[in-house]
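So the structure is just underneath, and the comments pick up after that.
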Amino acid sequence: MAAIPKTHRRVVLVRRPPGEPAESDFRVEEVPVPEPRHGEVLVKVLYLSLDPYQRGRMREAASYAPAVGLNEVMTGGTVGEVVASHNSRFKVGDIVEDRLGWQEFALGGGPTLRVIDPSIAPISTANGVLGMPGMTAYFGLLEVGQPKPGETIVVSAASGAVGQVVGQIGKIMGCRVVGIAGGGKKCAFVAGELGFDACLDYKAEKDLDAALSAACPHGIDVYFDNVGGDISDAVLRNINTFGRVALCGSISQYNAATPPMGPRLMGTFVGKRVTARGFIVTDFAERYAPARRQMGEWIRSGRLKYREDIVEGIDKAPRAFIGMLRGENFGKMLVKLA
């Protein structure tokens with residue numbers, strides 16, 4: 001094993017953007033590598049996860065999780081290797097996952113740090129299909145959406161880290177699945193590689209309502225909402241009586257200083273007796289282990305596929321994050337550090 005360096009790089013937040021983030025809102029700085037104390041381990045970060053929720057952490061507004069402080073390391077999921085340990089639960093060489101932030105080395109050892117098995121799947125998947133995004137898709141669809149065989153599911157941001165898994169689980173459950181994504185290449189991947197029944201390119205469709213009606217001739221029973229805004233309005237106008245909506249995210253609104261007002265559809269919810277439920281993946285944390293086992297079995301059998309979009313170098317993280325919020329990524333967005 002290579003010697004531990006004296007310094008490493010990290011990305012800190014230096015400004016709270018009022019709208020779309022800029023690279024100048026972050027600073028890449030070089031600092032000493034921390035020394036682990038009793039109960040701690042030093043982790044060399046190998047992969048850093050970029051996810052839409054991180055935009056919310058840049059705000060000071062009250063939320064379900066604390067904001068990142070100015071001049072503090074940006075939050076983010078990581079996969080790394082233990083290079084020094086003062087914790088009996090972990091040994092040098094273990095590959096571990098936790099939310100250790102945008103940095104090349106980090107201290108861990110708390111209850112959320114877990115060892116992952118590299119023989120099950122590539123270690124990057126611990127930040128993707130077998131990590132937080134995969135768990136979000138699994139529980140959001142099965143527990144919140146509650147699909148039944150023969151029903152129609154629509155998922156927005158269908159080529160993203162969560163959406164691509166939602167649709168494939170929907171197919172495994174015996175449902176018709178229609179994705180919505182931005183661009184012909186993404187839609188071809190969703191409908192071809194992932195096996196969705198159809199995928200609508202919201203950038204090309206002149207009338208998304210009509211396109212949804214044609215793609216979902218029996219209406220929409222379950223909507224997995226990753227985007228909010230006009231796309232979700234179109235889906236909800238096509239939802240069936242007793243439909244269910246899993247409210248996962250609203251990436252189309254994350255950079256808006258003042259969220260735009262859309263059609264007021266609550267009357268539709270009343271008349272059609274629609275159930276809409278917001279959720280956070282950690283609501284289901286005690287059940288992650290069996291869910292990961294099931295997801296692992298689906299991956300090994302070829303029933304569950306995934307795509308990753310990887311850039312290299314921690315200095316690329318701010319630009320890649322901004323691009324992800326714009327929808328420029330194609331699959332789960334990761335930064336490879338080593």
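The values are calculated or read from the model by the stated rules, or taken from the named source; none is laboratory data. Source: prediction; values computed, not measured. As a convention, Cβ positions derive from the backbone with ideal geometry for all residues, glycine included, and neighbour counts pool all protein chains shown. Calculation scope for accessible area: heavy atoms of the full protein, side chains included, ligands and nucleic acids excluded. Shrake-Rupley method; radii C 1.70, N 1.55, O 1.52, S 1.80 Å.
Condition (residue is more than 27 Å from Thr136 (Cβ to Cβ) and open to solvent by 70 Å² or more (accessible area, probe 1.4 Å)) applied to segment 59-68: is it met by at least one residue? No, there is no match, as no residue in segment 59-68 is more than 27 Å from Thr136 (Cβ to Cβ) and open to solvent by 70 Å² or more (accessible area, probe 1.4 Å).
For (1) open to solvent by less than 40 Å² (accessible area, probe 1.4 Å); (2) touching a Lys or Arg at 6+ places or on another chain (Cβ under 9 Å); (3) polar (S, T, N, Q); (4) in contact (Cβ under 8 Å) with a residue 60 or more places away in the chain, each residue gets a yes or a no:
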| site | (1), (2), (3), (4) |
| --- | --- |
| Phe189 | yes, yes, no, yes |
| Glu193 | no, yes, no, yes |
| Cys216 | yes, yes, no, yes |
| Leu236 | yes, no, no, no |
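Candidates are the residues of segment 192-227 that are within 24 Å of Phe242 (Cβ to Cβ) and of a type in the set (Phe, Trp, Tyr); the one that is nearest to the chain's Cα centre (by Cα) is Phe224.
Based on this model, can you work out whether Pro318 counts as free of Cβ contacts under 8 Å to residues at least 60 places away in the same chain, assigned to a helix (DSSP H, G or I) and not hydrophobic (A, V, I, L, M, F, W, C)? So Pro318 fails the test. Among all residues of segment 32-41, there is none that is modelled with pLDDT of 95 or more and closer than 18 Å to Met333 by Cβ.
Filtering segment 10-27 to residues that are surrounded by fewer than 17 Cβ atoms within 10 Å (Cβ to Cβ) and part of a strand (DSSP E or B) leaves only Arg27. If you filter segment 195-209 down to residues that are over 14 Å from Ser232 (Cα atoms) and not charged (D, E, K, R), you find that the one that is surrounded by the fewest Cβ atoms within 10 Å (Cβ to Cβ) is Ala204. Comparison of Glu23, Glu60, Glu97, Glu35 shows that the only residue that is at negative phi and touching a strand residue (DSSP E or B) at 6+ places or on another chain (Cβ under 7 Å) is Glu97.
Of the candidates Val115, Val43, the single residue that is of a type outside the set (D, E, K, R), surrounded by fewer than 18 Cβ atoms within 10 Å (Cβ to Cβ) and touching a strand residue (DSSP E or B) at 6+ places or on another chain (Cβ under 6 Å) is Val115. Just so you know, in segment 289-325 the residues that are under 16 Å from the mean Cα position of the chain (by Cα), under 26 Å from Glu104 (Cβ atoms) and charged (D, E, K, R) include one that is most open to solvent (accessible area, probe 1.4 Å), and it is Arg307.
A quick yes/no check of all residues on (1) at pLDDT 95 or above; (2) more than 21 Å from Ile299 (Cβ to Cβ); (3) among the hydroxyl-bearing types (Ser, Thr, Tyr):
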{"position": "Ile172", "(1), (2), (3)": "yes, no, no"}
{"position": "Gly184", "(1), (2), (3)": "yes, yes, no"}
{"position": "Phe189", "(1), (2), (3)": "yes, no, no"}
{"position": "Gly192", "(1), (2), (3)": "yes, no, no"}
{"position": "Ala210", "(1), (2), (3)": "yes, yes, no"}
{"position": "Ile231", "(1), (2), (3)": "no, yes, no"}
{"position": "Leu265", "(1), (2), (3)": "no, yes, no"}
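Looking across segment 74-103 at every residue that is part of a loop (DSSP other than H, G, I, E, B) and open to solvent by 40 Å² or more (accessible area, probe 1.4 Å), the one that is farthest from Arg319 (Cα to Cα) is identified as Ser88.
In segment 118-155, the residue that is least open to solvent (accessible area, probe 1.4 Å) out of those that are without any contact (Cβ under 8 Å) to a residue 40 or more places away in the chain and farther than 23 Å from Cys187 by Cα is Leu142.
Going through (1) under 17 Å from Pro52 (Cα atoms); (2) not in a loop (DSSP other than H, G, I, E, B) one by one, Phe284 falls short only on (1).
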